[in-house]
Amino acid sequence: MIKYSALFSVIFCLSTNAQQSRNNLIIGTYTNTCVSGGMYVYYFNTDTGDVQLKAATKSIVNPSFLTFSADKKYVYSVNENGNDSQVSAFHFYSDSGNLQFLNSKSSEGNDPCHIINDDKYVFVANYSGGNITVFNKNDDGTIGRFKQIIKQNVQSASDDKPEVSHMHMLQFTADKKYLIASDLGKNYIYVYRYNPDGVEDVLEFSNFLRVKNGSGPRHFTFSPNGQFVYLLNELDGSLLVFKNNNGELKLLQENTIVAKKFKGKTAAADIHITADGKFLYATNRGDANTISCFEIKKNGKLKLLQTTSTLGKGPRNFAIDPSGKFLLVAHQYTNDVVIFTIDKTRGTLTDSGKRIALCSPVCLVFE
């Protein structure tokens, strides 16, 4: 009897470990350039980096950015489609990988490119619309009526000819007291106070920060402790480090992801930090198609360690897997995802040799 019990324990442990090493990966795509059903769900083996297609949607238009609910039961996507742009809700079934469509709402602004959510609301950045839309979230996971639409008209004294807003990314501070938004068109970072119980406005304008004209603030990320903000500027490839003091951002350091002798077009894209807070990565599209790795010092400043080819064209989005062993880069123009191995000690990347062939992948989200 003891032998059978021990055997059962071994089998149970092996089964549990196998399940823990297989995470769901959802990939959002553009559907107007090649044949794509929209979103694809894969098994991702965090031990080996191997992938296996699990499920896919049909006829979902341009789900170019995705976000999970906190309980992982729901997935929300933008549908970037000009005047017909929407935001959509899906019930996610983890075991099968199936995504059940629940409902859609107009994004209330053209070409939404970023989406986040919490227990009460769904927040959307509309790129061409130049605004932020806040939607109510229903108990069944569906998207409710919009609660607030923000089109910021702040202008600094030096703006003789203000540009058109292109909202690009939204993110909460670690304490959730503030929401930060990047305006690529006007070269602003906006900070809003967050009041989830507000009767009318849940986002209240607090302050704004002007970055260098023509730099194009795109994506940003926070240090794990929330003390530092790292901003990647699309148009000039600059990478800025800010100290975050209760919603007030102070510039600490300016870096770049553009190589010294590089002469082509710059189009910086995405930025992420490892879970342990040791390394930061940032991609550059345009003519470069590279990813840069930086060491994060204790004072929050960065030191460049490596710039290497992403081995494809149009590295729009990338993700670090839950184990921290692999970094996956989605290439919009060469229709593939390249999987790199991360050296956890040095932070540098090497090609694992593994690929996911897929039409125009532009967003990677792990469950």
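Tabulated data
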{"read-out": "Condition met for Lys176 (assigned to a loop (DSSP other than H, G, I, E, B) and over 18 Å from Lys250 (Cβ atoms))", "value": "yes"}
{"read-out": "Residue selected from region 231-267 under the condition within 15 Å of the chain's Cα centre (by Cα) and among the hydrophobic types (A, V, I, L, M, F, W, C), by the criterion surrounded by the fewest Cβ atoms within 10 Å (Cβ to Cβ)", "value": "Leu231"}
{"read-out": "Residues of region 288-331 satisfying the condition of being of a type in the set (A, V, I, L, M, F, W, C) and over 16 Å from the mean Cα position of the chain (by Cα)", "value": "Ala288, Cys293, Phe294, Ile296, Leu302, Leu304, Leu305, Leu311, Phe326"}
{"read-out": "Qualifying residue in region 110-133 (condition: small (Gly, Ala, Ser) and in contact (Cβ under 8 Å) with a residue 60 or more places away in the chain)", "value": "no"}
{"read-out": "Scope region 39-64; condition of a type outside the set (Ser, Thr, Tyr), part of a loop (DSSP other than H, G, I, E, B) and surrounded by fewer than 23 Cβ atoms within 10 Å (Cβ to Cβ); matching residues", "value": "Asp47, Gly49, Asp50, Lys58, Ile60, Val61"}
{"read-out": "Wholly within region 65-107, strands (runs of 3 or more DSSP E) carrying at least 1 residues that are at pLDDT 95 or above, surrounded by fewer than 24 Cβ atoms within 10 Å (Cβ to Cβ) and among the charged types (D, E, K, R)", "value": "99-106"}
{"read-out": "Region 87-107 residues that are more than 10 Å from Thr57 (Cβ to Cβ), paired with ones that are part of a loop (DSSP other than H, G, I, E, B) and acidic (Asp, Glu) (beta carbon under 8 Å, 6 or more apart)", "value": "Phe92/Glu367; Ser94/Glu367; Leu102/Asp140"}
{"read-out": "Top-ranked residue in region 152-185 [being modelled with pLDDT of 95 or more and basic (Lys, Arg); ranked as surrounded by the most Cβ atoms within 10 Å (Cβ to Cβ)]", "value": "Lys177"}
{"read-out": "Among residues of region 276-291, those that are in a loop (DSSP other than H, G, I, E, B) and either surrounded by fewer than 21 Cβ atoms within 10 Å (Cβ to Cβ) or in contact with an Asp or Glu (Cβ under 7 Å, 6 or more places away or on another chain) (or both), counted", "value": "5"}
{"read-out": "Test: Asp270 is assigned to a loop (DSSP other than H, G, I, E, B), out of contact with any helix residue (DSSP H, G or I) (no Cβ under 9 Å at 6 or more places or on another chain) and either without any contact (Cβ under 8 Å) to a residue 60 or more places away in the chain or buried (at least 19 other Cβ atoms within 10 Å of the Cβ) (or both)", "value": "no"}
{"read-out": "Every residue from region 114-141 that is in contact with a strand residue (DSSP E or B) (Cβ under 9 Å, 6 or more places away or on another chain) and surrounded by fewer than 19 Cβ atoms within 10 Å (Cβ to Cβ)", "value": "Ile116, Asp118, Asp119, Lys120, Asn136, Asn138, Asp140"}
{"read-out": "Considering residues of region 39-76 that are more than 24 Å from Ile339 (Cα to Cα) and among the polar types (S, T, N, Q) only, the residue farthest from the chain's Cα centre (by Cα)", "value": "Ser59"}
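The values are calculated or read from the model by the stated rules, or taken from the named source; none is laboratory data. Not measured: the values here are computed from a predicted model. Counting neighbours? That spans all protein chains shown, and the Cβs are built from the backbone with ideal geometry, glycine included.
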